[in-house]
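J.: Below you will find the structure I want to go over with you.
The values are calculated or read from the model by the stated rules, or taken from the named source; none is laboratory data. Computed from a prediction, not measured in an experiment: that's the story for all the values here. Glycine also receives a Cβ, built like all others from the backbone with ideal geometry; neighbour counts cover every protein chain displayed. Remember, those area values only see protein heavy atoms, side chains included, never the ligands or the DNA or RNA. Shrake-Rupley method; radii C 1.70, N 1.55, O 1.52, S 1.80 Å.
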Amino acid sequence: MTKSANSRLAERYRVKKANAFRLKKIDPNDRAGLESEEKAAERLAEGVLRLADLQSRLYAEHKRSVLVVIQAMDAAGKDSAIKHVMSGINPQGVMVTSFKQPSAEELDHDFLWRCNQRLPAAGHIGIFNRSYYEEVLVVRVHPEYLEAQHLPEELVGKNVWKHRFEDIRNWERHLVRNGVVIRKFFLYVSRAEQKRRFLSRLDEPEKNWKFSEADVKERAHWKQYMRAYEDMIQNTSTDEAPWYVVPADHKWFTRLVVAEALIHSMESLDLEYPRVDKKRKRELSAARRELIENG
Ligand code: ATP
Ligand code: MG
């Protein structure tokens with residue numbers, strides 16, 4: 001796949017004008033004209049090889065890191081996107097963190113605390129399967145979660161979400177200024193497709209383990225979630241840390257878009273293997289001679 005084809009598909013879903021973003025303009029069923037799952041799988045396989053090469057350069061460079069944030073409603077395909085997109089990558093260079101309901105210890109700290117500890121080190125790719133963005137999504141939809149956060153009452157006014165957006169933007173800017181490349185993906189599944197996937201978790205015995213009554217209950221809040229997602233994207237899409245809103249009714253398509261967005265982003269870093277200078281070259285030659293002569 002050529003560089004420009006990679007970037008074209010990914011660019012289509014990158015949010016460019018934050019204020020103008022409307023969820024209703026994106027169709028979860030969209031496939032950008034790609035109809036063949038088989039062809040997409042071939043294209044993904046090429047992409048996986050390309051990503052492996054880019055990751056190995058990132059690791060060798062040991063300066064920048066890549067943070068991939070993935071947010072979605074249940075059954076949108078977060079896990080399978082991670083599994084497929086990262087399938088060729090050296091496990092030493094990547095860390096996936098799945099953020100669940102916060103622990104008592106985590107609730108005793110500010111909302112970015114637990115994510116700070118899981119940031120990718122230089123040379124690494126870090127994947128956040130859910131993230132600090134839950135703090136303006138599930139916590140917004142369920143105000144009782146906010147109440148559990150031990151915050152002084154006078155600090156939790158009507159501007160609390162505005163403040164959280166601002167803090168997230170500032171924190172991301174700080175990270176970007178320190179070499180963290182941030183790419184954020186909202187896997188946008190439709191309510192109807194989510195229902196189909198829940199039904200298949202009930203109907204197919206090998207998927208039964210994935211079923212959760214709580215996930216079905218959450219569907220009652222679909223509209224509030226979509227409003228929260230839209231507001232989040234409008235307020236936290238920046239040039240330096242963009243959101244991609246990826247149609248997620250077809251898992252094969254979702255994976256391809258995520259892979260190509262990452263490839264495009266990492267290619268733009270011009271990652272080079274560190275070069276050795278003349279002095280080091282002489283040292284390497286000396287080491288080679290010694291190995292052959294004495295060893
Ligand atoms: P899977 O179901 O595929 O294992 P998951 O990400 O849905 O993956 P679960 O353990 O089912 O994992 O759910 C995690 C839950 O934790 C989600 O409902 C999510 O909204 C919730 N959660 C994550 N972060 C927070 C937070 N900061 N505050 C409150 N709830 C949170
Ligand atoms: Mg779940």
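J.: What are the residues in the range 11-40 that are of a type in the set (A, V, I, L, M, F, W, C) and either under 20 Å from the mean Cα position of the chain (by Cα) or in a loop (DSSP other than H, G, I, E, B) (or both), if any?
T.: Val15, Ala18, Phe21, Leu23, Ile26, Ala32, Leu34
J.: Which residue pairs have Cβ atoms closer than 9 Å, lie 6 or more positions apart in sequence or on different chains, and pair a first residue in the range 143-169 that is assigned to a loop (DSSP other than H, G, I, E, B) with a second residue that is among the polar types (S, T, N, Q)?
T.: Here the result reads Val156/Gln149, each pair linking the range 143-169 to a residue that is among the polar types (S, T, N, Q).
J.: What's the number of the only condition in (1) under 27 Å from Ala214 (Cβ atoms); (2) open to solvent by 30 Å² or more (accessible area, probe 1.4 Å); (3) of a type in the set (Val, Ile, Thr) that Thr97 fails to meet?
T.: Thr97 satisfies every listed condition except (2).
J.: Taking the condition in a helix (DSSP H, G or I), free of Cβ contacts under 8 Å to residues at least 60 places away in the same chain, within 16 Å of ligand 2 (Cβ to nearest atom) and exposed (fewer than 15 other Cβ atoms within 10 Å of the Cβ), does Lys195 pass?
T.: So Lys195 passes the test.
J.: Could you list, in sequence order, all residues of the range 72-103 that are in a helix (DSSP H, G or I) and among the acidic types (Asp, Glu)?
T.: Correct list: Asp79 only.
J.: Return the residues of the range 104-121 that are open to solvent by 60 Å² or more (accessible area, probe 1.4 Å) and part of a helix (DSSP H, G or I); say none if nothing qualifies.
T.: Of everything in the range 104-121, those that are open to solvent by 60 Å² or more (accessible area, probe 1.4 Å) and part of a helix (DSSP H, G or I) turn out to be Ala104, Glu105, Trp113, Asn116.
J.: Filter the range 122-133 for residues that are within 16 Å of ligand 2 (Cβ to nearest atom) and part of a loop (DSSP other than H, G, I, E, B) and give the result.
T.: Of everything in the range 122-133, those that are within 16 Å of ligand 2 (Cβ to nearest atom) and part of a loop (DSSP other than H, G, I, E, B) turn out to be Arg130, Ser131.
J.: In addition: Please find, among Val189, Val216, Val136, the residue that is open to solvent by less than 20 Å² (accessible area, probe 1.4 Å), touching a helix residue (DSSP H, G or I) at 6+ places or on another chain (Cβ under 9 Å), closer than 30 Å to Asn29 by Cα and within 16 Å of ligand 2 (Cβ to nearest atom).
T.: Val189
J.: Determine which single condition Ala52 fails, assuming it passes every other condition in (1) open to solvent by less than 30 Å² (accessible area, probe 1.4 Å); (2) among the hydrophobic types (A, V, I, L, M, F, W, C); (3) more than 16 Å from ligand 2 (Cβ to nearest atom); (4) in contact with a helix residue (DSSP H, G or I) (Cβ under 8 Å, 6 or more places away or on another chain).
T.: The failed condition is (4).
J.: Same structure, new question: Exactly one condition in (1) surrounded by fewer than 18 Cβ atoms within 10 Å (Cβ to Cβ); (2) of a type in the set (A, V, I, L, M); (3) in contact with a Lys or Arg (Cβ under 8 Å, 6 or more places away or on another chain) is false for Ala60; which is it?
T.: Just one mismatch for Ala60, condition (3).
J.: Of the residues in the range 229-275, how many are open to solvent by 10 Å² or more (accessible area, probe 1.4 Å) and of a type in the set (S, T, N, Q)?
T.: Counting residues in the range 229-275 that are open to solvent by 10 Å² or more (accessible area, probe 1.4 Å) and of a type in the set (S, T, N, Q) gives 5.
J.: A further question on this structure: Go through (1) in a helix (DSSP H, G or I); (2) within 24 Å of Gly88 (Cα to Cα) one by one and return the number of the condition Ser285 breaks.
T.: Failing condition for Ser285: (2).
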